[in-house]
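The values are calculated or read from the model by the stated rules, or taken from the named source; none is laboratory data. All values reported here derive from a predicted model rather than from experimental measurement. Neighbour counts are summed over all protein chains in view; Cβ atoms, including those assigned to glycine, are modelled from backbone coordinates with ideal geometry. SASA here: full protein model, heavy atoms, side chains in, ligands and nucleic acids out. Shrake-Rupley method; radii C 1.70, N 1.55, O 1.52, S 1.80 Å.
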Amino acid sequence: MSSGTYTLFDIPTKAPRRCWSMNTWRTRLLLNYKGLDYKTEWVEYPNIRPRLNQHVSPNEQGVQFTLPAIQMPDGSYVMDSYKIAEIIEEKHPEPSLPLDQPLLLKFRKILIEFMGALTPIYVPGVAQRILGDESIDYFLKTRQEDVGMPLYEYGKLRGPGSFDRAEPFARQMTELLKETRSGPYFLGDRLTYVDFIWAGILLFFKCLGDDEYQEILKRSGDAEAHTSFLESLSAWTERDD
């Protein structure tokens, strides 16, 4: 690897391959914002563990292998978006992107409820609309184990009413976003890592389908707040491959 170049391991969509995962988006946005030299290595779902297994430090052996992960310019690997953010901020403090723990704690509490309500919508949707042939069988098998039934059956059974259940939390997210009125971000004109987490969620639903994305905006109670927020990040959302 050339000096100074990072590798971002990401899960591709079906062709033409591009970023879709809410989790890998937050790391991609971080790298874009910091202006770091990086390349993307696409890794299909069944290949994630074999690709990372030999490179995770011994104290992490046995954990689930997930993306995002990055390879540092020195050849070492880091897995988990929060660990990546901490290391990148430490090594590249300018431009600053603090994790801002007090905001992150409030944000995550709402996010867990919001995404939990929408699980029957977006998990089957990933299989139906996003993944290519190399990942689909693995995804269907492992997610069936997670939810306890075939994934498409799960979507049909549990999907109705999901947006209704998510709406109170979508509105709470809007309230949090608008709490500071001096700018488009969660802390007004101060950009933090929380902004990239929420942007990754919105970009994920846009990739999943305009119908789902528009429903999210509708249930938020203020679509303009979220579209303006995403537009304010456009300089860092453009590169998705």
Run down the lysines and flag those whose C-alpha is under 23 Å from the C-alpha of Lys106, throwing out any fewer than 8 positions away in its chain.
Lys83, Lys178, Lys218
Need one value: the accessible area of Lys83 in square angstrom, 1.4 angstrom probe, rounded to the nearest 10.
90 Å²
Select from Val43, Val147, Val78 the residue whose mean-square fluctuation is largest in a Gaussian network model of the chain (Cα-Cα springs shorter than 10 Å).
Val147
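When each pair of different Cα atoms in the stretch 6-91 is counted once in the 1/r mean, what is the Kirkwood radius in angstroms, to one decimal? Spell out each step's value before the answer.
On the way: mean 1/r = 0.0761 Å⁻¹.
Kirkwood hydrodynamic radius for the stretch 6-91: 13.1 Å.
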At 0.36 nm per residue, and after removing the present C-alpha to C-alpha distance, how many nm does the segment from Thr5 to Thr180 gain when stretched out fully?
59.4 nm
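Taking R0 as 41 Å, what FRET efficiency do you get between Glu94 and Glu41 from their Cβ-Cβ distance, rounded to the nearest 0.05? Don't skip to the end; give the middle numbers.
On the way: r = 27 Å, r/R0 = 0.65.
The pair Glu94/Glu41 has a calculated efficiency of 0.95.
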Run the numbers for Met115 and Gln144: contour at 0.36 nm per residue of separation, minus the present Cα-Cα distance, in nm.
8.6 nm
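With all protein chains present and a 1.4 Å probe, how do Tyr193, Tyr152, Tyr33 order by accessible area, largest first? Write down the numbers at each step before the final one.
Values: Tyr193 0, Tyr152 90, Tyr33 35 Å².
Order by accessible area, largest first: Tyr152, Tyr33, Tyr193.
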Stokes-Einstein D (µm²/s) once Rh is taken as the Kirkwood radius of the stretch 101-236 over alpha-carbon pairs, at 4 °C in 1.567 mPa s:
82 µm²/s
Counting pairs of alpha carbon atoms under 8 Å apart in space and at least six apart in sequence, what relative contact order in percent does the chain give?
25 percent
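Extension gain Gln64-Lys206, at 0.36 nm per residue separation less the Cα-Cα distance, in nm?
Values: separation 142, 0.36 × 142 = 51.12 nm, distance 2.72 nm.
Extra length from Gln64 to Lys206 when fully extended: 48.4 nm.
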Would you mind listing how long the chain runs along its three principal axes, going by Cα atoms, in whole Å with the largest first?
48, 47, 34
Can you pull the accessible area of Trp198 for me, 1.4 Å probe, Å² to the nearest 10?
10 Å²
What does the charge dipole of the chain about its Cα centre add up to, to the nearest 20 debye, if the Cβ of each Lys and Arg holds +1 and the Cβ of each Asp and Glu holds -1?
260 debye
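Under DSSP H, which helices of the chain have Cα atoms covering 30 Å or more of the helix axis and a Kyte-Doolittle average no less than -1.0? Numbers along the way, then the final one.
Numbers: long enough: 101-129 (37 Å, 0.59).
Both cut-offs are met by 101-129.
Report the relative contact order of the stretch 6-91, percent, no decimals, based on alpha-carbon pairs under 8 angstrom and at least 6 residues apart. Don't jump to the answer; show the numbers that get you there.
Numbers: 109 pairs, mean separation 29.8, N = 86.
After rounding, I find 35 percent.
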For Lys83 paired with Lys156, estimate the spin-label separation in nm (one decimal), with each label point 7 Å from Cα along the Cα-to-Cβ line.
4.1 nm
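Just the accessible area per residue of the chain, please: how many Å² with a 1.4 Å probe?
On the way: 11590 Å² over 241 residues.
Heavy-atom accessible area per residue stands at 48 Å².
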